Amino acid sequence: MNNNYNNLKNVLESMPMALYVKNLENKIIYVNKVFFKTFNLTYNEVFYKNEKAILSLLNINVNIDNDIEIIREKKTVCCERTINKNENQKTYQVYKSPIFNNKNEVISIMTLYNDITCIKNREDKLEKLAYRDYLTNLLNLRGLIKYISSKSNNPNKEITLLFIDLDNFKKLNDTFGHKYGDKALKIIAKRLSEFSGNNVARIGGDEFIIIYENIGYNELMNNVSKILSLLRLKLEKNNEEVFISGSIGVVTECCNNLDYDKLIAKGDICLYKAKVNGKNQVVFDDEDFKI
């Protein structure tokens with residue numbers, strides 16, 4: 001018996017991941033050195049303490065109610081948890097596995113913490129590249145479609161899209177160069193995101209879209225008025241000035257079976273009308289107009 005225990009202990013100590021073992025009364029009966037080092041805890045803080053107390057020290061919520069499932073089904077369960085300790089955020093895959101005696105009875109449960117922070121960070125970077133605009137860090141076209149798709153098939157919601165196209169942006173690029181054009185895009189993007197939050201996308205060139213859910217008429221009108229003012233910008237170079245403004249097309253649709261192509265087509269028509277009518281203004285979608 002002692003040989004089996006020592007063999008198990010040697011195996012657990014050799015593992016590069018933090019882990020502990022508790023008995024069926026939820027008392028910690030073994031902790032490996034990696035656990036102490038990883039979470040900066042001492043032997044006296046952990047050994048033979050209740051698991052809930054340890055989880056409280058770690059400020060982590062690992063469901064111990066599933067211990068019944070582990071014991072009954074004799075299987076491993078896994079979850080993902082984030083731990084914030086000393087302003088350092090780490091993400092772990094947490095595995096809880098049964099340990100058996102020679103009668104195949106569960107006598108204890110091992111909890112193992114596999115640090116996947118680097119993997120999660122890479123995933124976040126890849127997602128940012130996939131769904132964020134490289135210049136402004138707003139949602140890009142793919143991110144916008146993903147956002148709209150997440151709202152579709154909900155008959156109790158309306159989605160309102162503000163299609164924005166900057167006025168005189170080509171003149172700015174032609175007069176001052178693309179460096180000034182990029183500067184203007186960053187300024188406008190910052191203004192829009194600060195005003196509207198995370199629901200702003202840049203879908204290409206000087207085109208932006210702002211998304212609202214179930215917004216009332218008065219709030220929408222106030223927002224549109226404010227956004228028109230945020231789109232006004234003056235850039236100067238060598239005593240020469242270029243003024244930027246924005247045209248806005250507003251389209252509202254029920255979230256039930258949203259058709260992205262139809263939304264874009266309606267938005268383009270509204271923007272065209274705004275440009276033809278003199279720019280620096282808003283045009284609302286005509287519900288009687290058939291695409």
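The values are calculated or read from the model by the stated rules, or taken from the named source; none is laboratory data. Just so we're clear, the structure is a prediction, and the values are computed from it rather than from any experiment. As a convention, Cβ positions derive from the backbone with ideal geometry for all residues, glycine included, and neighbour counts pool all protein chains shown.
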Original post:
Out of all the residues in region 92-134, which are under 15 Å from the mean Cα position of the chain (by Cα) and not aliphatic (A, V, I, L, M)?
Top reply: LYS120, ASN121, ARG122, GLU123, ASP124, LYS125, GLU127, LYS128, TYR131, ARG132, ASP133
Subject >> Total residues in region 158-178, condition touching a Phe, Trp or Tyr at 6+ places or on another chain (Cβ under 9 Å) and assigned to a loop (DSSP other than H, G, I, E, B) >> reply: 1
**OP:** Report the residue count in region 52-79 for those that are modelled with pLDDT of 90 or more and in contact with a Ser or Thr (Cβ under 9 Å, 6 or more places away or on another chain).
**Re:** 4
Original post:
Among the listed residues GLY267, GLY216, GLY249, GLY177, which satisfies the condition of being loosely packed, with under 13 Cβ neighbours inside 10 Å and within 18 Å of GLU158 (Cβ to Cβ)?
Top reply: GLY216
